[in-house]
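Worksheet: the structure to be examined is printed underneath.
The values are calculated or read from the model by the stated rules, or taken from the named source; none is laboratory data. Since the model is a prediction, treat every value here as computed from it, not as a measurement. Cβ: placed from backbone, ideal geometry, glycine included. Neighbour counts: every protein chain shown. We work out accessible area using only protein heavy atoms, side chains counted, and drop any ligands, DNA or RNA first. Shrake-Rupley method; radii C 1.70, N 1.55, O 1.52, S 1.80 Å.
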Amino acid sequence: MPRRHLAAHTGSLSQFAGVRLMTLADGAERGVRMLEFRTGTGLRFTVMVDRAMDIAECEHAGRAIGWHSPSGFRHPSLHDYEGEDGLGWFRAMSGLNVTCGLDHILFMHEDTASHYHYAPREKVASSLHGRVGTIPAQLTGYGERWTGDVCTFWAEGIVRQATVFGEDLHLVRRIEADLGSDEIRLTDRVVNHGFYTTPHMFCYHINVGHPVVAEGARYVAPVSEVLWAAHAENYRKQGVGYRTLPAPIVNFHEQVWQHEMVPDAQGQVEVAIVNERIGLGFSVLTRKDQFPCMFEWQNLHAGHYAVGIEPSTNHVHGKDFARERGELIELDHGEERIYETVLRVLPDADAVSAAIARIEDCARQPAEDYPAPTGNFPSLAGAL
């Protein structure tokens with residue numbers, strides 16, 4: 001609908017769509033600023049300004065897409081980063097996207113602090129998935145922008161992960177969604193604002209829940225080989241492979257996989273979770289040169305029940321493995337990395353079928369649920 005025609009049918013575009021700033025006011029979430037986006041198609045999602053501008057709720061026409069954990073979207077002032085021997089991160093884990101980084105991802109780790117040239121600080125102790133996800137952003141702007149008859153809703157902010165005698169990394173995040181669209185565009189710049197040469201690792205923990213995740217739903221991706229499985233010693237014990245999802249299972253232990261993906265002609269990788277029975281799905285589109293690695297997280301325990309799509313800058317074995325192989329990204333002052341990602345709701349059977357066709361045009365994934373992990377981790381050194 002042309003802009004003029006649309007304007008004639010209402011006093012304000014907000015009748016149909018928009019972006020607005022609100023503040024949560026009760027319980028553990030009290031005080032968290034939230035931007036609500038509506039595109040007019042039924043797509044609604046919220047951005048937690050005070051939690052690294054991560055995407056919390058996501059739904060389409062009343063059907064949930066993003067996962068809510070038992071921990072909720074609690075205020076970052078309640079978070080204990082070093083708590084529970086580094087596993088306190090789970091008490092702040094919820095929503096469609098939880099950002100991991102900026103100098104560490106994956107499990108707990110201790111690293112030398114010699115690169116910070118401060119004798120009393122001998123080591124850098126990192127908890128699960130790093131610090132950035134519970135740091136409030138400085139909101140630098142939000143609103144709508146018209147280009148001809150195309151209206152884009154947008155928000156931008158800066159998340160600063162910094163300390164004296166340590167890292168000074170800035171995440172500059174921009175989120176966009178067009179009027180009439182079922183897509184979310186996420187553009188991140190990670191910049192070293194300091195003058196110490198600083199390691200950089202980055203990952204998105206993109207969490208999809210029910211009803212997309214349901215018995216018989218499928219993980220669809222251009223998988224050329226399965227590289228690793230956390231549960232390889234008991235590969236079939238829980239009866240859940242990488243591809244087909246079960247109903248919730250009491251006492252299910254999380255399973256994590258790393259897959260090698262084949263990009264399309266534009267260097268992009270699309271990964272989807274699809275529920276063909278109800279005609280609903282969700283996909284993530286990343287660039288292979290920005291996120292060369294991809295993990296699959298299965299948390300199918302009853303009362304949790306989610307599947308994660310996790311694009312990553314590094315292999316699953318972490319910082320020491322990356323450093324030994326010459327794959328650890330290090331940023332000098334003013335150096336930056338850019339990450340461009342598209343999140344797509346697949347709202348009907350046609351959209352689901354089209355996504356499957358796009359993915360299978362790149363590569364057909366293993367047809368069995370239990371392909372043997374190869375352990376062949378491709379070199380990432382050329383991408384640095």
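Before moving on, here are some points about what is shown:
- Solvent-accessible surface (1.4 Å probe) assigned to ILE338 amounts to roughly 70 Å².
- Neighbours of GLY143, meaning other residues whose beta-carbon lies under 12 angstrom from its beta-carbon, give a summed charge of -1 when Lys and Arg score +1 and Asp and Glu score -1.
- Backbone geometry of the stretch 364-377 corresponds, through the Karplus equation with coefficients 6.51, -1.76 and 1.60 at θ = phi - 60°, to 3J(HN,Hα) couplings of 8, 5, x, 7, 8, 7, 10, x, 5, x, 8, x, 8, 8 Hz, x marking Gly and Pro.
- Computed from point charges on the beta carbon alone (+1 for Lys and Arg, -1 for Asp and Glu), the dipole magnitude for the stretch 1-157 about its Cα centre is near 720 Debye.
- Spacing of the two label points (7 Å from each Cα toward its C-beta) at ALA25 and THR147, in nm: 3.8 nm
- Cα gyration tensor shape of the stretch 222-271, rounded if a/c is under 1.5, else prolate or oblate by comparing a/b with b/c: prolate
- Mean projected area (nm²) of the alpha-carbon convex hull when the stretch 331-384 is viewed from all directions: 6.9 nm²
- Whole-Hz ³J(HN,Hα) from phi, Karplus 6.51 cos²θ - 1.76 cosθ + 1.60, for the stretch 348-359, glycine and proline x: 8, 4, 5, 5, 4, 4, 5, 5, 4, 5, 4, 5
- Kirkwood Rh in Å, taken over all unlike Cα pairs in the stretch 50-176: 16.4 Å
- Ordered from longest to shortest, the equivalent ellipsoid semi-axes for the stretch 275-335 are 31, 16, 10 Å, each the square root of 5 times a Cα gyration tensor eigenvalue.
- Neighbourhood charge, 9 Å Cβ-Cβ cut-off, centred on LYS123 and excluding it, Lys, Arg +1 and Asp, Glu -1: -2
- The gain in end-to-end length when the ILE338 to HIS9 segment is fully stretched comes to 114.5 nm, 0.36 nm per residue minus the alpha carbon separation.
- Within-10-Å neighbourhood charge of ILE359 [Cβ basis; K, R +1; D, E -1]: -2
- Binned Cα-Cα distances of the chain, short to long, each 10 Å bin given as a whole percent: 5, 23, 34, 26, 10, 2, 0
- Centre-to-centre separation between the Cα atoms of the stretch 1-29 and those of the stretch 336-362: 26 Å.
- THR23 accessible area, assembled protein chains, probe 1.4 Å, Å²: 90 Å²
- An oblate overall shape is assigned to the stretch 227-316, the ratio a/c of its alpha-carbon gyration tensor axes (a ≥ b ≥ c) being 1.5 or greater and a/b not exceeding b/c.
- Spin-label model, ALA372/ALA247: points 7 Å from Cα along the beta carbon direction are separated by 3.4 nm.
- Per residue, the convex hull spanned by the Cα atoms of the stretch 255-368 amounts to 156 cubic angstrom.
- Listed residue (THR313, GLY157, ALA372) projecting farthest to the positive dipole end of the chain, Cβ model: GLY157
- Choice from GLN238, GLN298, GLN15 showing the highest fluctuation, given a GNM over the chain with Cα pairs closer than 10 Å: GLN15
- ARG323-ARG189 FRET efficiency (beta carbon distance; Förster radius 22 Å; 0.05 resolution): 0.40
- Cα gyration tensor category, rounded, prolate or oblate, for the stretch 129-223 with a/c compared to 1.5: oblate
- Shape parameters for the stretch 176-327, alpha-carbon atoms, Rg then Dmax in Å: 16.8, 54
- Ordering LEU245, HIS231, PRO263 by the projection of their Cα atoms onto the charge dipole of the stretch 217-263, which places +1 on the Cβ of Lys and Arg and -1 on the Cβ of Asp and Glu, puts LEU245 at the extreme positive end.
- Applying a 4.7 Å cutoff between beta carbons, the unpaired cysteines of the chain are CYS58, CYS151, CYS293, CYS362.
- Residues whose amide H falls under 5 Å from that of THR41, counting only those 5 or more places apart or on a different chain, are GLY180, SER181, with hydrogens built in the peptide plane.
- Coupling constants for the stretch 255-265 follow from the phi torsions by the Karplus curve (6.51 cos²θ - 1.76 cosθ + 1.60, θ = phi - 60°), and in residue order they are 10, 10, 10, 10, 10, 8, 10, 9, x, 7, 5 Hz; glycine and proline get x.
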